[in-house]
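Comments concern the structure below.
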Amino acid sequence: MADKAKGLVSMTPVVTVAAADDSDTVDVIHHDIKKTLGGKLDYEKADADDKWFYSTSIDVTTNADLLSGDFTEGGTISSGDDKVRFIFVKNSGTTNGTTETSSILYLTTNGTNPAATGNALAMGPGESMVLKFRTGQDVSSLHAATSSGTIRVTVAAIIDDI
């Protein structure tokens with residue numbers, strides 16, 4: 001059986017109802033949506049060239065490739081060749097694994113500086129996201145930066161080792 005990455009995505013559309021004379025402020029599910037939204041996001045390795053990458057200690061500061069280093073199965077990521085198929089990214093909310101930060105993690109998928117563009121993906125402290133790319137995203141195009149200082153980031157990915 002081939003290796004797989006399995007993700008679950010969930011989102012609750014919340015609105016805040018202001019306090020009235022006889023009630024407190026309360027958060028409720030949006031009345032037009034009426035439910036929590038969710039689904040799955042799965043990827044099965046296409047072949048032996050798809051390799052796992054995992055790190056709980058990527059330190060992000062200014063604009064740079066998010067992924068570099070070695071695959072968990074051996075070999076080194078090639079920024080100019082390899083392609084990300086599936087990725088989980090989490091802003092730990094810390095600068096070094098213990099010191100808290102309120103800094104936001106920004107990501108782009110086109111190689112531009114995430115801190116300098118308004119269309120970057122954004123993750124606050126403790127937030128995460130899971131992405132799957134149609135044919136693979138160039139490692140050199142997946143850039144990360146922060147709103148300020150350093151953020152310790154966790155990444156698990158399946159990358160096509162070209």
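For ILE158, all conditions in the list (1) closer than 17 Å to SER68 by Cα; (2) at pLDDT below 95 hold save one; what is the number of the exception?
With (1) closer than 17 Å to SER68 by Cα; (2) at pLDDT below 95 applied to ILE158, the lone miss is (2).
When you scan segment 63-85, how many residues do you find that are polar (S, T, N, Q), part of a loop (DSSP other than H, G, I, E, B) and farther than 13 Å from LEU142 by Cα?
As a first pass, look at segment 63-85 and keep what is polar (S, T, N, Q): 63, 68, 72, 76, 78-79.
After this cut, where a residue has to be part of a loop (DSSP other than H, G, I, E, B) as well, the list is 63, 68, 72, 78-79.
Those left that are additionally farther than 13 Å from LEU142 by Cα: 72.
So the count comes out to 1.
Condition first: of a type in the set (S, T, N, Q) and either farther than 30 Å from ALA116 by Cα or over 23 Å from the mean Cα position of the chain (by Cα) (or both). Now tell me which residues in segment 13-66 satisfy that. Show your work before the answer.
So in segment 13-66, the residues of a type in the set (S, T, N, Q) come out as 16, 23, 25, 36, 55-57, 61-63.
Hits for segment 13-66 are THR16, SER23, THR25, THR36.
Which one of THR56, THR25 is exposed (fewer than 14 other Cβ atoms within 10 Å of the Cβ), over 27 Å from VAL153 (Cβ atoms) and modelled with pLDDT of 95 or more?
Answer to the selection: THR25.
Answer yes or no: is there a residue in segment 93-109 that is surrounded by 14 or more Cβ atoms within 10 Å (Cβ to Cβ), part of a strand (DSSP E or B) and touching a residue at least 60 places away in the same chain (Cβ under 8 Å).
Checking segment 93-109: not a single residue is surrounded by 14 or more Cβ atoms within 10 Å (Cβ to Cβ), part of a strand (DSSP E or B) and touching a residue at least 60 places away in the same chain (Cβ under 8 Å).
Just checking, does segment 100-108 include any residue being in contact with a His (Cβ under 7 Å, 6 or more places away or on another chain) and not hydrophobic (A, V, I, L, M, F, W, C)?
Yes - at least one qualifying residue is present in segment 100-108.
Let's see how each residue does on (1) without any contact (Cβ under 8 Å) to a residue 60 or more places away in the chain; (2) among the acidic types (Asp, Glu); (3) over 30 Å from THR98 (Cβ atoms); (4) out of contact with any Pro (no Cβ under 8 Å at 6 or more places or on another chain):
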| position | (1), (2), (3), (4) |
| --- | --- |
| SER23 | yes, no, yes, yes |
| HIS30 | yes, no, yes, no |
| GLY39 | yes, no, yes, yes |
| THR62 | no, no, no, yes |
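List the number of the failed condition for ILE162; all other conditions in (1) surrounded by 15 or more Cβ atoms within 10 Å (Cβ to Cβ); (2) closer than 30 Å to ALA48 by Cβ hold.
(1)
The values are calculated or read from the model by the stated rules, or taken from the named source; none is laboratory data. Owing to the predicted nature of the structure, the values given are computational and were not obtained by experimental measurement. Please note: Cβ atoms are built from the backbone with ideal geometry, for glycine as well, and neighbour counts cover all protein chains shown.
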